[in-house]
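In what follows, a single structure is set out as structure tokens and then discussed.
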Amino acid sequence: MYDIAVIGGGVIGCAIAREMSRYRLGIVVVEKYEEVGFGTTKTNSGIIHAGHHSPPDTLKGKLVVRGNKLYDRLCKDLNFGFSRIGELVVARSESEIPELERLKKQGEAKGVPGLEIWDRERLRNAEPNLSNTLIAALHAPSAGVINPYELANALSENAVDNGVDLKVNCAVEKIVVEKGFLAVHTSTETIKARFVINCAGVYADKIAGMAGLSDFTIHPRKGEEYMLDKRLKGLVQRLIFPIPEKNTKGILIIPTFDGTIMVGPTAQDTTDRDDASTTYEGSEQVFGFVSKICPSITERDTITEFAGLRAVSNTNDFIIGPTRIKGFINAAGIQSPGLTCAPAIALYVRDILKSEGLVLEKKKNFKPHLPGPPRFASLNDEQQRRLVEKDRLFAKVVCRCELVTEAEIHSAVDHGARTLDGIKFRSRAGMGRCQGGFCAPRCMDILSKRLDKPFQEITKRGGDSWVVKKMMDS
Amino acid sequence: MLGRVEKKYGVVVVGGGPAGMGAALGARDCGEEKVLILDREPEAGGILLQCIHSGFGMHYFREELTGPEYAERFLQKVIDHDIDVLPGSYVSGVAVDSGGSKKVRIMSESHGLITVETKSVVLAMGCRERTRGAVRIPGTRPSGILTAGLAQKFVNLKGYLPGKRIAILGSGDIGLIMARRLTLEGCRVEGVFELMPYSNGLTRNVVQCLEDFDIPLHLSTTVAYVHGRDRIEKITVAPVNPDLKPDMSRAWDVPCDTLLISVGLIPENELTQNLGIGLDVVTGGPLVSSTLETSMPGMFACGNVLHVHDLVDYVTREAMLAGRFAGEWSKGVRRPKDNIRLVPGDNVRYCVPHTLSPEREHTIHLRCKAAMKPCKIRVGSLMEKKLRFVFPAEMIMFKIKPDLLDKFHGDTLRIDILPLEKGERVD
Ligand SMILES: Cc1cc2nc3c(=O)[nH]c(=O)nc-3n(C[C@H](O)[C@H](O)[C@H](O)COP(=O)(O)OP(=O)(O)OC[C@H]3O[C@@H](n4cnc5c(N)ncnc54)[C@H](O)[C@@H]3O)c2cc1C
């Protein structure tokens, strides 16, 4: 019997599991995919929002500034890529200036630090590649970017280091309310737990439904993102936001943590909870809009594109809290800025668990730290030499576009990579221009050897995403 | 010698494919004794190693060889000429000091991080395939979408099939070759879908790889959408309008478990770019003089890193030349600077080299923008050459004699491909 079963290994589930692993509790995370973070968590903009956007009377509005602040500590502990590059909300006409002022006031009331309105000249000096038709901007220095999949991996790995059980390829199918506990029936086993935390993203209403709850619904809203060639690195230094529209923060220019520029997302309601398709309309909308703000960006620079689903609830806010079923707690409707809020949501859920009667006793031997992955390409000559002296596999290049060495691929496997995407998200191998054309067979060889699995059983991202078939098979 | 590397060379060649091996031999031919070939793969030979079909060497050896056979013959020559070859070595940078000497930084599992010094460098890194991202197909991102070259590697070098039911986007040569190869392996190839109104591959490949196997080639058609969650399940294809956008009212679905992408090759010039060497935006390769020297003195380029060739025989010829000039350079020969700029004119997409000198005879390589037949190539007012047809997929080559250039007094020579005038005929 576990104290807590977390359903869903996205960033929210992982953040909660890691937070609760500080205490003397039995915890399990149940994830239906082959690796954590393969849901919405790997397909978002990666922005740690400053917090001026969300209205203060919403739960997301309340958690966002706290979440943002918690990132410094979290990053120090877990060594994922995070950088406070700042954000600019840009105004294209005089009529948009009052909106900048409103956002500034809203942000200040919520405690967003350092908000400032920049005039045209200051904006031009700071971001010379933006269109010269922009007339002013709101600068939010505390906004940042992370690699979200790195965060999810780091949280789950650290949770596991601290005793949490992680079950992947394990889909929850049924929940039975028993006396004093909940029985979670999965595709592989039945798990008993006193508390169940529902962090199932776009499926959270289905999971609640399994427990007999029907008080909210999730309506996926798709966002398409387009990753541009690294030749455009440095084009903008900060996150560039337009004046927000009703349902979204609009289409953004995002210098990712690694410097590569990404543009998006769109906001399109969909009924398919696995719809990760990109569309002509989406790309036209994104590039049509972005070219007005930054004229040198064109769709020809795209190296890859993807789409993610926001788990929008019928209240259009986060739904976090206990339910009429004792022990069943929701962390649902976690749409944007869910990533930003993740560490704050973890604390919020901790307090809920406490008030629901869970006894929290700190572990003496909690290990808060996780060393980050080695990043050969980002080291100086001397550091590179030292690594190579220690391990010759640091001199063996596997991914030429991002200069990733074989030692880094092994490290990715050591830290839980089981699929090509898992390797990509941990090491960057396959993320560059050639999109895995060069490194995929090499990574598959390494995975095959390390996991002791035949070559043809290595997948792109688990499930039925096979890569090759054996020649003799018919 | 295989696996040997010393501290100092006259010529270091980056890339051990046919271009690199040809260049190394060219350098040896002109008397340079210290030549090193570096290649990131575990074996020299480049892309030839996975091209197990025949059709190589017809011009150079006057025999029809397979890719590995062609590579093998050259590797043997390289070894016989006492050229050092270091496979499994990745060049992570080249530093040039004020005296022009170059330090090549190498990462290698067997040697660690090392630097070798050289007087000249030949860039022969070849090219890579354009990917799905570069052509931007909407839809889902399942597994089973890969470049034709990667599929070729899986099949020919590793013994695995990319899938069973294949669709191919683009009619590049590797795609055509793979259509045949996979058919022979028992796969079903549903068709080749080409955006342009003509094939991007050599005519002989269209005939031998598609027509002989009844594989349909759909011209002016593209893949408009990819379906499938984990693995690709089908594609929607559509004829394109004159603006090359798909006409969805005429679209149809093609079930498949694999989509091969064969939409062109891009010279691999990351290293070149990092060195600040000038590139031709059309070829994607460096700008070179008639000695195949780039904008950085003592740094030469040849093969597919310079511009994408149709046949390996042409690569070898160009590479031998680049190697000779690189060898000369390392031995201190400095030729006068070219004084004629060659520029593409009507219906010429690009021409290589970019400058000429009246000192020598030159082979000019060029590609047309659009098919034309019959037609003529006009080089300034110096010469005209009539051709039965020109075709974007087929490289055009011709020679210019030094006595012609001697008569030329301008500094810019323009090349046009023009329709024949009334009364003109191709003989
Ligand atoms: C395009 C886009 C851009 C965004 N940009 C930002 C941003 O810049 N900043 C920001 O703060 N937020 C952003 N967000 C929001 C943010 O991505 C999400 O709030 C966050 O990732 C939600 O995490 P999660 O763990 O709730 O969901 P998920 O990552 O989807 O995790 C849910 C997990 O539950 C698992 N699961 C589902 N059903 C079952 C079952 N039956 N059994 C077992 N497991 C199950 C799933 O497999 C999945 O792994 C963006 C969202 C999108 C779509």
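What the table shows:
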| quantity | calculated |
| --- | --- |
| Region B:344-423 - Rg and Dmax from Cα coordinates, angstrom | 12.4, 36 |
| All aspartates and glutamates inside 18 Å of A:K110 as judged from Cα atoms, apart from same-chain residues fewer than 8 positions distant | A:D57, A:E87, A:E99, A:E101, A:D317 |
| Anchor A:K230: lysines whose Cα lies under 17 Å away (excluding residues fewer than 8 positions away in-chain) | A:K424 |
| Average other protein chain Cβ within 10 Å of Cβ, residues B:127-140 | 6 |
| Estimated inter-spin distance, A:D414 and B:N339, nm [label 7 Å along Cα→Cβ] | 6.4 |
| Rounded Å value of the spacing that divides the Cα centres of region B:234-260 and region B:159-194 | 17 |
| Residue among B:L275, B:L184, B:L86 with the largest mean-square fluctuation in a Gaussian network model of chain B, springs linking Cα atoms under 10 Å | B:L184 |
| Pairs beyond 25 Å (Cα-Cα), from A:K469/B:K234; A:K32/A:K233; A:K222/A:K354; A:K470/B:K153 | A:K32/A:K233; A:K222/A:K354 |
| Chymotrypsin sites (Phe, Trp or Tyr not before Pro) within region A:1-89: DSSP coil, no more than 10 neighbouring Cβ in 10 Å | none |
| Segments A:369-375, B:78-84 sorted - mean Cβ within 10 Å per residue, highest first | B:78-84, A:369-375 |
| In region A:214-258, the GluC sites (Glu not before Pro) that fall in loop regions by DSSP, at most 11 other Cβ within 10 Å | A:E245 |
| About the Cα centre, charge dipole magnitude for the protein assembly as shown (Lys/Arg +1, Asp/Glu -1 at Cβ), debye | 1400 |
| Rounded FRET efficiency, nearest 0.05, which uses the C-beta distance separating B:Q76 from B:V282 and R0 of 35 Å | 0.45 |
| Long-range Cα-Cα pairs in region A:309-408 (distance over 22 Å), rounded percent | 59 |
| Candidate lysines - alpha carbon under 16 Å from B:K7, same-chain residues fewer than 8 apart omitted | B:K34, B:K102, B:K103, B:K119 |
| Estimated [θ] at 222 nm from DSSP helical runs (n ≥ 4, -39500 (n - 2.57)) normalised by residues in chain A, nearest 500 | -9500 deg cm²/dmol |
| Net charge, A:I197 excluded, C-beta distance under 12 Å - Lys, Arg +1, Asp, Glu -1 | -1 |
| Using a Förster distance of 30 Å, the FRET efficiency for B:E33-B:R105 (Cβ separation, nearest 0.05) | 0.80 |
| Selection of GluC sites (Glu not before Pro), region B:322-389, meeting DSSP coil and at most 15 other Cβ within 10 Å | B:E359, B:E361 |
| Where no second cysteine Cβ lies under 4.7 Å, the cysteines concerned in chain A | A:C14, A:C75, A:C170, A:C199, A:C294, A:C341, A:C401, A:C434, A:C443 |
| Exercise: per-residue mean of other protein chain Cβ atoms within 10 Å, A:381-391 | 2 |
| Shielding of A:194-202 by partner chains, average beta-carbon count, 10 Å | 0 |
| Equivalent ellipsoid semi-axes, the protein assembly as shown, via Cα gyration tensor eigenvalues times 5, rooted, Å | 53, 30, 28 |
| Between region B:384-427 and region A:92-114, the alpha-carbon center distance in angstrom | 65 |
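Here, each number is a calculation from the coordinates, and none is a lab measurement. All figures in this text were calculated on a predicted structure; none of them were measured in a lab. Here Cβ is always computed from backbone atoms with ideal geometry, including for glycine, and neighbour counts include all displayed protein chains.
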